[in-house]
Amino acid sequence: MISSAAFMSHQPVIDGFQFASAGATQQGAFPASAFPRLRDLLASDAGEVAYTLRGLLDARGRPSLGLRLSGTLQLRCQRCLEPMAFEVRHEGMLVLAATQADIDADPKDTSAPDRVLAGKQMPVRELVEDELLLAVPFAPRHERCVGASGMDEEGKASPFAELRGLLQSRH
Ligand SMILES: [Zn+2]
């Protein structure tokens with residue numbers, strides 16, 4: 001297994017069809033800051049996402065990529081705008097296509113697997129970011145917000161609310 005630090009200095013790429021037919025596996029991790037399309041959802045750059053990418057064949061024997069993601073990101077609660085730890089646990093599969101015409105010929109069926117255009121140099125970071133966008137809630141909210149509601153009628157933060165705030169900030 002390669003350490004996540006090794007991946008921060010370069011951009012890993014795979015040859016899609018070759019990776020799938022060889023049944024290859026690649027593991028690594030990206031910091032939250034590596035995903036520009038997630039930036040608007042994140043409260044901070046804290047955290048990272050570990051991935052396991054596997055080459056495999058789908059039920060119809062087509063070369064595919066399985067992608068498993070895990071990690072913790074700091075999303076911004078859409079109600080109180082405070083950070084909210086979100087645990088990423090996601091498993092997705094992409095069926096490789098040789099041409100865009102192959103993808104367009106697929107039935108527009110929500111149960112059909114996701115397709116991706118195979119390349120000789122597919123950036124792993126982009127595959128991970130695509131799947132991450134599916135895994136992260138569009139409008140994340142705390143079950144119970146602690147920020148704005150922690151003020152009592154005189155405008156002072158109640159000790160209880162401060163304690164909850166402390167506990168939460170340690171996530
Ligand atoms: Zn909240």
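The values are calculated or read from the model by the stated rules, or taken from the named source; none is laboratory data. Every value quoted in this text rests on a predicted model; they were computed, and no experiment measured them. Glycine gets a Cβ as well: all are built from the backbone with ideal geometry, and neighbour counts include every protein chain shown.
Laid out as a table, the results:
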quantity	calculated
Tally of residues being over 23 Å from Phe138 (Cα atoms) and either among the charged types (D, E, K, R) or loosely packed, with under 10 Cβ neighbours inside 10 Å (or both) across region 73-104	3
Residue in region 132-154 that is at pLDDT 90 or above, over 28 Å from Gly23 (Cβ atoms) and in contact with a Lys or Arg (Cβ under 6 Å, 6 or more places away or on another chain) present	yes
Single unsatisfied condition, Ser158 versus (1) among the polar types (S, T, N, Q); (2) at pLDDT below 95; (3) within 16 Å of the ligand (Cβ to nearest atom); (4) surrounded by 13 or more Cβ atoms within 10 Å (Cβ to Cβ)	(3)
Selected residue [hydrophobic (A, V, I, L, M, F, W, C), surrounded by 17 or more Cβ atoms within 10 Å (Cβ to Cβ) and more than 27 Å from Val95 (Cβ to Cβ)] from Ala43, Ala29, Ala34, Ala20	Ala43
Restricting region 68-91 to residues that are touching a Lys or Arg at 6+ places or on another chain (Cβ under 8 Å) and within 8 Å of the ligand (Cβ to nearest atom), the residue that is farthest from Asp45 (Cα to Cα)	Arg79
